[in-house]
Amino acid sequence: MRIGILSDTHDNLQVVDAAIRQLNSERVDLTLHAGDYVSPFVIPRFADLQSPMIGVLGNNDGDHHLLSARFAEHEHLDLRGGFAAVTAGGMTIGLLHGDDRELLQALIGRKAFDVVVHGHTHQTEVRTLGGTLVVNPGEACGYLTGRPTIAVLDTVTRDVELLSL
């Protein structure tokens, strides 16, 4: 199974559209978004994904109620709140934004998940800690680093490919 991973889109509509095109061309089976959409008007863009998307909220997401309503308008988009436990491709995946460092470290340290996906830092990171694969796809928006990135996880090989948009 191929899982698309993105985070920190921060209302950058051009990059959101580019990320969706890239994920569709990669033929991902599932997309995970680690939060910071920022405004509800960006959510309908994700309807063009050819895969289901599970998302969580980030620290810059304003109107949680309206974000949830925009997600609910699309059958294949699912907003889970601040955290999601996802089982896909034979793996258990913890999905969170990552702004609570203590929670992030606890999830990694307890080895409760095969993979922990987070965002928030706007920095790409792929590493294994105590058997847990930790993935931060970096920032899709490109605002802080000037380098918009997303990632694709292959659940069979456990390989993660970081892709520049």
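The numbers here are math on the coordinates, done by the rules we state, and not lab data. These figures come from a predicted structure and were not determined experimentally. Every residue, glycine among them, receives a Cβ derived from its backbone with ideal geometry; neighbour counts consider all protein chains shown.
Side notes on the structure shown:
- Proximal charge balance of THR9 [Cβ under 10 Å; K/R count +1, D/E count -1]: -3
- HIS76 versus ALA112: modelled label distance in nm, points set 7 Å from Cα along the beta carbon direction: 3.0 nm
- Calculated mean residue ellipticity at 222 nm for the chain: -5500 deg cm²/dmol, from DSSP H runs with n ≥ 4 weighted as -39500 (n - 2.57), summed, divided by the residue count and rounded to 500.
- Between ALA69 and ASN24, the simple spin-label model (points 7 angstrom out along Cα→Cβ) gives 2.7 nm.
- Potential lengthening between ASP154 and ASN60 on full extension [0.36 nm per residue; Cα-Cα distance subtracted]: 30.9 nm
- Length gained on full extension, SER39 to THR87, computed as 0.36 nm times the residue gap minus the Cα-Cα distance: 14.5 nm.
- Pairwise centroid distance, computed over Cα atoms, of segment 104-158 with segment 22-100, Å: 15 Å
- Lys/Arg +1, Asp/Glu -1 at C-beta; segment 2-164 dipole; positive extreme among LEU107, PRO52, LEU66: LEU107
- Charges were assigned to the Cβ only: +1 to each Lys and Arg, -1 to each Asp and Glu. The resulting dipole of segment 2-164 about its Cα centre is roughly 360 debye.
- Computed over segment 2-164: relative contact order in percent, which uses C-alpha pairs under 8 Å that are six or more apart: 24 percent
- The residues packed around THR124, meaning those with a beta-carbon under 9 Å from its beta-carbon, carry a net charge of -1 if Lys and Arg are +1 and Asp and Glu are -1.
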